[in-house]
Amino acid sequence: MLHTDQPEIKELLLKGQFGLEKENLRVDENGYMVHTAHPFPGDKHILRDFCENQVEVNTPVFDSAKEAVDCLAEYDKTIQMKLRGLPEREYLWPFSNPPYIKNEEDIPVALFLGDEAEKTVYREYLSDRYGRYKMTFCGIHFNYSFDEELLKKDFVFSGETDYKKYKNQFYIELAEKASAYGWLLVAVTAASPLLDGSFVEKKKYDQDTFNGMATVRCSELGYWNYFSPVFDYSNIENYADSIQAYVDEGLLQAPSELYYPIRLKPSGKNTLQNLKENGVNHIELRMFDLNPLVPGGVEIKDVLFAQLLLVWLASISRKPLGRKEQVQAVQNFKHAARYDLKTVKIVMPDGEAETVTETALKILSEMQDFYRDFPEEVQEVLAFEKEKFIDAEKRYAWIIRKQYGNGYVKKGIELAKERQEGINIGKK
């Protein structure tokens, strides 16, 4: 828990580092997934995820949200220019939910060769276990690290004698709090209420499907394992071991198969051993939908809000989560993925069941009070998010359903073409 009563801590609270990851499917002019090879071999910032046609951008680390979002937009422009110049022109699909799907074979597993061939083998395993349709969901991951200057100054007030131990414990407790409150980010970034009928039934094209979700990929139909994980948040070693235990039990093939919205990551190679030996470098939040309403796929206010939420969580007291609370936390994430948040309820660790809207408004009011002495821009971000719960029609999912319903894929490919043309004439 940060010592925000200390002026030297408070003045550094919003100093941190930002990184973004974004996934998009490559499609043809008719809204079908392409089967061409990844067009950016050797680029360490433009990769593939599960599918060969699933472009993943990883930005460098920046000191501000604006720099990270601007960088993402630049990579988006680079990709769009490349796709336009291909012999058969391709487009970036702007939604988290996929366009037309012919069948499982229409989703080409990413092909890795040589020393990386094991990556393809692992993806084939995921294909067999979860099905390829689920692997077409795309989104944005937000990576954040608190500034070292802030943590080192807070360390002085912590009573700890080992900085590495202090830092690991700081992030462990942050991850625990984020598991209890992270559903709020699902609710404010949900932007995928529509599916094409072909996702549900083969060859059922151009029949929009709405299943009551604002974000399918974060709902019970999306990226989740077949069990609710329970972590040991007592220290970094036990946390890592509690993940490894699922691998040892055969519930996961590898730690990367753990589909949980929050991850702690080390610097360098992302392994549990590295996490234990070298400690936490940053926290990753994996629940943002692609936002087709803005170029680049992410609203900067949502990125800033994620930072504000993490800073606030780091500044409030810890409430340890037992097995019951952790299982409930998973359900809270899934419930926050619903379209109508005024009817679905969640349960916070120390409270009774209340609607997502009621709980969110209480938390946002607490955050507004916490940040009352901060610059006006901070309050503007909080007000922006609060409005989504006051007026549901301000939520992305509600806007998208209204604008892109009755022809989701056809309207989506029109948007994809407009975005590519807009970038090519210099527009952002």
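A few remarks follow.
- Stokes-Einstein diffusion of segment 102-155 at 25 °C, 0.890 mPa s viscosity, Kirkwood radius from Cα pairs, rounded to a whole number: 170 µm²/s.
- Estimated D of the chain in µm² per second, where Rh is the Kirkwood radius over Cα pairs and Stokes-Einstein applies at 4 °C, 1.567 mPa s: 58
- Whole-Å semi-axes of segment 83-188's equivalent ellipsoid (Cα gyration tensor): 41, 18, 16
- Computed [θ] at 222 nm, deg cm²/dmol, the chain (DSSP H ≥ 4; -39,500 (n - 2.57); rounded to nearest 500): -13500 deg cm²/dmol
- Candidate lysines - alpha carbon under 29 Å from K165, same-chain residues fewer than 8 apart omitted: K10, K15, K152, K153, K177, K265, K269, K276, K319, K324
- Residue-level accessible surface for Y226, protein heavy atoms, 1.4 Å, Å²: 140
- Distance between segment 270-329 and segment 1-33 - C-alpha centres, whole angstrom: 9
- Put I243, I399 in order of accessible area, highest first, and with a 1.4 Å probe you get I399, I243.
- For segment 1-59, average projected area of the Cα convex hull in nm²: 6.9
- Evaluated at q = 0.27, 0.28 Å⁻¹, a Debye calculation over the C-alpha positions of segment 266-317 (equal weights, vacuum) places log10 I(q)/I(0) at -0.97, -0.99.
- Percentage of interatomic Cα-Cα distances in segment 335-402 larger than 19 Å: 40
- Its alpha carbons considered, segment 250-354 gives a radius of gyration followed by a Dmax of 16.4, 45 Å.
- Rounded to two decimals, the Cα radius of gyration of segment 196-245 over 2.2 N^0.38 Å is 1.83.
- Segment 33-135, Rg to Rh (Cα coordinates; Rh as Kirkwood inverse mean 1/r): 0.98
- Accessible-area order (highest first, 1.4 angstrom probe) of the listed residues K134, K119: K119, K134
- Annotation for E148 and K394: the two label points, set 7 Å from Cα along the Cα-Cβ direction, are 4.0 nm apart.
- Crossing angle, helix 236-248 versus the chain [Cα axis fit, 0-90 degrees, rounded to tens]: 40
- Result for the chain in a Gaussian network model with C-alpha springs under 10 Å: among A187, A65, A353, the largest mean-square fluctuation is at A353.
- 1.4 Å probe accessible area per residue over the chain, in Å²: 42
- Solvent exposure, largest accessible area first (probe 1.4 Å, DNA, RNA and ligands not counted), of K82, K411: K82, K411
- Highest-MSF residue in the chain out of E354, E237, E11 [GNM, Cα springs under 10 Å]: E11
- Comparing mean-square fluctuations of D147, D391, D63 from a GNM of the chain with C-alpha springs under 10 Å, the top value falls on D391.
The values are calculated or read from the model by the stated rules, or taken from the named source; none is laboratory data. Since the structure is predicted, the reported quantities are computational estimates derived from the model, not experimental observations. In this analysis, Cβ positions are derived from the backbone assuming ideal geometry, glycine residues included, and neighbour counts consider all displayed protein chains. Protein only, heavy atoms only, side chains kept; ligands, DNA and RNA dropped before computing areas. Shrake-Rupley method; radii C 1.70, N 1.55, O 1.52, S 1.80 Å.
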